[in-house]
Every structure is written in C-alpha cells, then in structure tokens.
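Below is one structure, written out as structure tokens; the observations come after it.
The values are calculated or read from the model by the stated rules, or taken from the named source; none is laboratory data. Everything numeric in this text was worked out from a predicted model, so none of it was measured. In this analysis, Cβ positions are derived from the backbone assuming ideal geometry, glycine residues included, and neighbour counts consider all displayed protein chains.
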Amino acid sequence: MAYDEDLANRVRELLAGEDAITEMAMFGGLAFLLAGNMAVAVSSNGGLMVRLGPDGEEQALTDPHAQPVEMGKRRMRGWVRVAEEGLRTRRQLSPWVRRGAQFARSLPPRG
C-alpha cells in the first residue's frame, strides 16, 4: 500500500517554514526529517507516525486516535501512530506535526 499523498502534501505545507527539512522514503511511507532527525512519517499503513520521545508518547496515548507504533512485533518506544480519523482537518493535524518537529529539534543534528 502506498502512503497518502494528500496527507504528505498537508504535512509539507505545515513544515514549510522549518529549516533543514528533508524527505526520505522509509518503511513504505514518507518520512520528514529536521536536521537529519525524523519528526513525522506518513505511513503506508495509513495515518501519521509521530516521534515524541518516551515522555511525549505516554501523554499522546491519551488521545483516542493515537496508538503505539509497532514494527513487526517490536514496539517503537517514543512513537505514536495517529489514525486518519484524527488527522482530517488542519486543526487536528497541525498539533501532531508541531509536536514531532519540536522533538526532532531537541535532538543533536545528524549529518
């Protein structure tokens, strides 16, 4: 399954003002990196994967549209997957993209 290109364009629009943004095909989806650190990824399984770190993950999982990210049988600590139903409007999508970008900015730049 290919990723949702409309969602990718909406994420691009929200990240347009950020410096050092790159896009990379990953996990069958499209990842958005800030200074080499992944912030969010439009998933080939639907929805958005958001990198929040372990502390941010716990709080984010209180949202009814968020669930832990699993790759195979391995849980990806510090990440949540937000279902498409929780991303339909800019008002819903924007906080997730902002939170992923904020976490990525907190990390040392990667070459």
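Please count how many residues of segment 52-67 are surrounded by 14 or more Cβ atoms within 10 Å (Cβ to Cβ) and either in contact with a helix residue (DSSP H, G or I) (Cβ under 8 Å, 6 or more places away or on another chain) or in a helix (DSSP H, G or I) (or both).
Of the residues in that region, 8 qualify.
Need pairs with beta-carbon distance below 6 Å; first residue closer than 9 Å to His65 by Cβ and at pLDDT below 95 and within segment 78-93, second surrounded by 14 or more Cβ atoms within 10 Å (Cβ to Cβ) and among the small types (Gly, Ala, Ser); sequence gap 6+ or separate chains.
From segment 78-93, no pairs qualify.
Of all residues being in contact with a strand residue (DSSP E or B) (Cβ under 7 Å, 6 or more places away or on another chain) and of a type in the set (Ser, Thr, Tyr) in segment 43-91, which is nearest to Ala8 (Cα to Cα)? Just the residue, please.
Ser43
Considering (1) without any contact (Cβ under 8 Å) to a residue 60 or more places away in the chain; (2) within 13 Å of the chain's Cα centre (by Cα), say which one Gly100 fails and leave the rest.
With respect to (1) without any contact (Cβ under 8 Å) to a residue 60 or more places away in the chain; (2) within 13 Å of the chain's Cα centre (by Cα), Gly100 is out only on (1).
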